[in-house]
Structures are given as structure tokens and as C-alpha cells.
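The values are calculated or read from the model by the stated rules, or taken from the named source; none is laboratory data. Here the structure is a predicted model, which is why all the values come from computation and not from measurement. All Cβ positions, even for glycine, are placed from backbone atoms using ideal geometry, and neighbour counts span all protein chains on display. For accessibility, only protein heavy atoms count, side chains too; no ligands or nucleic acids. Shrake-Rupley method; radii C 1.70, N 1.55, O 1.52, S 1.80 Å.
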Amino acid sequence: VPHVSSPPVLLGLIVIWQLALNLLLAPLTAWAGDTVPDEQKGMLGGLLAAAPACGALIGMVITIPGLADPVQRVGVIAGLVLVMVGPVLIAGRPVAMPQLQAQAGAPAAARAAAGSRPARRMWLARLLVQIAEASLFAFLLLWLRSLDPAYSDHAAARVFTAVLVLAAGCAVIAGRWSDRTAQPILPLVLSAAIAAIGLAAMALASGMAMALTGYVLFGLSSSVFLALHSSQTLRVLPNPRHRGRDLGLFNLTNTTPSLVMPWLTLALVPSYGFAALFAVLAGLVAAAALILAVLARPSGLPAA
């Protein structure tokens, strides 16, 4: 990528990279669904939060001024990916758990119909949160520099990393709690609600202190939400035998926001500023909390 000078070639490489990335990550999630029992899905989600934290930590280190130039950064990251993916490709030995493939309880057709309703709610809630997350990822530094023109990309990387590292610990605690109390959805509702509060604080922020406070609230809670959501989604997929296919549909919640976010930003920021964008995003995330609140009730999820 650093050696490409033609925009069409660069776009083509980005498309190929995105395809390869999704072909790598999607089977890993389906594999988790095949090998992790439902009563441990919360802990699984907590552990999944370590992945973006590690990525952010690498991003913080690699952007230290003078450590590596842009070409070297890409090479270091590519090498790290190979080192971290290699062990599972070489030594990964999945343990078969036939009980996780079986349609338990009601007949398969009835269970699939009952399971599709929670799945749709989970899909929509994640989409709304991902729109907010994608917007912040794309425009966080630009917004912070609108408040303080001297704010550096390394400083932003430090904040981003600190939030994700803290979120990893919070996600493990919340996931473990959800397993022990058999309340898989409640942490999702609470984290979405807190994320909405963080976005509201960002919309009202006029200085760096309140801005960073709001972002920390949003970043912590949205990271916990996305990590736990990834594992708890495995509970509500209509048919265990089609986890890979269904998770592919859920993956649209990761890609669709990239199509929505630029238009939303262009419609709001030039005329009304970032405050209007954050207010709209707060409403979307609050709606996600309300959508999932129904599933948090004892009768919200289909019986296993």
C-alpha cells in the first residue's frame, strides 16, 4: 500500500484487504459458537474485548514520533498479524461439541421462528451502535482538533488505547457477571445507555475536559457492548448449523455504517457542527438500548 501511487490500484488493494480480513475473522467467530457453551458466552465476549485493546496498543506504540515512518509502520503491522494468526492456523485443534449443533427444545422449525425475532433485534441494535462507533472512529481526531488545534494524533492514540484497555477489563467483569446471573442481555442494555450518555456529553462539550470525559464514557461502554454482543449473538441465531452464514449477515452491521456515516456527517456537520452529529448518534444508541431492553426480560430470549 505505501508504494502505490494510483488511486484505483489503492482502492483495489483496500477492497482485497477487507475481503481477506472478513474471510479471516468471520470463521473465528463461528468457531467460537461451535466450541463455547452458552453459559460461558459472557466470558467469551469479555475475552474478545482484548483484541481491539491489543490493536489500539500497537497503534499507540507504532505512532510514537520518530519510531517508524509510514512505510515501516505498515510492514511492522503486517508482520505482527502473521505472528499472531500463525499459532491458530498451525496448532489450533477444535474440540467437537455436538450438543452445540443440536436444535434443543422445540422442533427445529418452531425454534428457528422463535429465535429469528431476538436475532433481528440484536442485529438492529448492533447496527445503531456501530454507526456511532464508525463515526467516532473516523472523525474523533478532527473533532478534538476543532477544540484544540494542537492536539496530536499520538495523543489521540493514547486516549483511544487507554479506553480500549480499560474496556477489556470491564468486558471480562461484565461478561463473567452475566454468566453467573444468567442475564446475558442486561449488560448490553446498560452499556448502550451509558454510551448514549457519553455521546450527549460530547454534544454539549465546549472544552477538552468535558469532550474527553464524554468520549471515555462512550468508548468504554460501546467497546463493552460490541464485545459482549459478538458472543451473545451466538445465543440467538435461529439455526446452530448455519452459524457461519448467519454471522455473515450480522457482519453487515460492521460494513453498512461505513456507507451511512459519511452521508450523515455531511448532512449535519457543515451546517450544524459536530454537536448535532453527536446528538443524533446519542439518539440512535439510546434506541439500541430500548430495542434490547425487551430481550433483557426473563421471557425475552427463546429457551435453550
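Put simply, the chain fits an ellipsoid with semi-axes of 33, 25, 18 Å; these come from the alpha carbon gyration tensor as the roots of five times its eigenvalues, largest first. Think of the chain as a dipole: +1 on every Lys or Arg Cβ, -1 on every Asp or Glu Cβ, centred on the Cα centre; then among VAL61, LEU144, THR181, THR181 lies furthest on the positive end.
Extension gain for the segment ALA275 to ILE64, taken as residue separation times 0.36 nm less the Cα-Cα distance, is 72.9 nm to one decimal. Mean separation of Cα pairs under 8 Å and 6 or more residues apart, divided by the residue count, gives the chain a relative contact order of 32 percent. Between ARG241, ARG121, ARG93, the Gaussian network model of the chain with springs among Cα atoms under 10 angstrom shows the greatest mean-square fluctuation at ARG93. Checking every one of the chymotrypsin sites (Phe, Trp or Tyr not before Pro) in the stretch 122-192 against DSSP loop status and a limit of 15 other Cβ atoms within 10 Å picks out no site at all.
Axis of helix 70-91 versus longest Cα principal axis of the chain: the two differ by about 20°, to the nearest ten degrees.
Protection proxy ranking, highest mean first, for peptides 207-215, 161-169, 264-272: 161-169, 207-215, 264-272, where packing is the per-residue count of other beta-carbon atoms within 10 Å, averaged.
Based on the Cβ-Cβ distance of ARG241 and ALA150, what FRET efficiency does E = 1/(1 + (r/R0)^6) give at R0 = 41 Å, to the nearest 0.05? The value I calculate is 0.15. In sequence order, the stretch 135-143 has phi-based couplings of 5, 5, 4, 7, 10, 4, 5, 4, 5 Hz under the Karplus curve 6.51 cos²θ - 1.76 cosθ + 1.60, θ = phi - 60°, and Gly or Pro positions carry x.
Quick one: angle between helix 252-272 and the longest Cα principal axis of the chain, in degrees between 0 and 90, rounded to 10, please. That helix lies at roughly 40 degrees to the long axis.
Translational diffusion of the stretch 140-254, estimated by Stokes-Einstein from the Kirkwood radius over alpha carbon pairs at 10 °C in a medium of 1.306 mPa s, is 101 µm² per second.
Dipole of the chain, Cα-centred, from +1 at each Lys and Arg C-beta and -1 at each Asp and Glu C-beta, to the nearest 20 debye?
Details: 17 positive and 9 negative charges, 154 e Å.
For the chain, the charge dipole is close to 740 debye.
Helix 50-62 and the long axis of the chain differ in direction by around 20°, with both axes built from C-alpha atoms. A simple packing score, the average count of other Cβ atoms within 10 Å per residue, orders the peptides 79-87, 273-281 as 273-281, 79-87, with the highest score first. Label zone (ARG73, point 7 Å along Cα-to-C-beta; backbone nitrogen cut-off 19 Å) within the stretch 131-145: 136-145.
Charge dipole of the stretch 170-304 (Cα centre as origin; +1 on each Lys and Arg Cβ, -1 on each Asp and Glu Cβ, all else neutral): 420 debye, rounded to the nearest 20.
Tell me the net charge near LEU228. Cut-off is 13 Å between Cβ atoms, LEU228 excluded, with +1 for each Lys or Arg and -1 for each Asp or Glu.
Details: positive: LYS41, ARG126, ARG176, ARG235; negative: ASP179.
Once all neighbours under 13 Å are counted, the net charge is +3.
P(r) of the stretch 1-46 in 5 Å steps, Cα pairs, percent per bin? Distribution as computed: 5, 18, 17, 14, 11, 9, 9, 9, 6, 3, 0 percent. Putting +1 on Lys and Arg Cβ atoms and -1 on Asp and Glu Cβ atoms, find which of VAL83, SER221, GLY244 reaches farthest to the positive end of the dipole of the chain. So the residue we want is GLY244.
Would you mind getting the accessible area per residue of the chain, heavy atoms of the protein chains only, 1.4 Å probe, in Å²?
Working: 15770 Å² over 304 residues.
Computed with neighbouring chains in place, this is 52 Å² per residue.
Projecting the Cα atoms of THR29, ALA211, LEU281 onto the charge dipole of the chain (Cβ charges, centred on the Cα centre) puts THR29 farthest toward the positive pole. Only helical runs count toward this figure. For the chain, summing -39,500 (n - 2.57) over DSSP H runs of n ≥ 4 and dividing by all residues gives -27500 deg cm²/dmol at 222 nm. Of the solvent-accessible surface of the stretch 133-202, computed with a 1.4 Å probe over protein heavy atoms with every protein chain present, carbon and sulfur atoms account for 69 percent.
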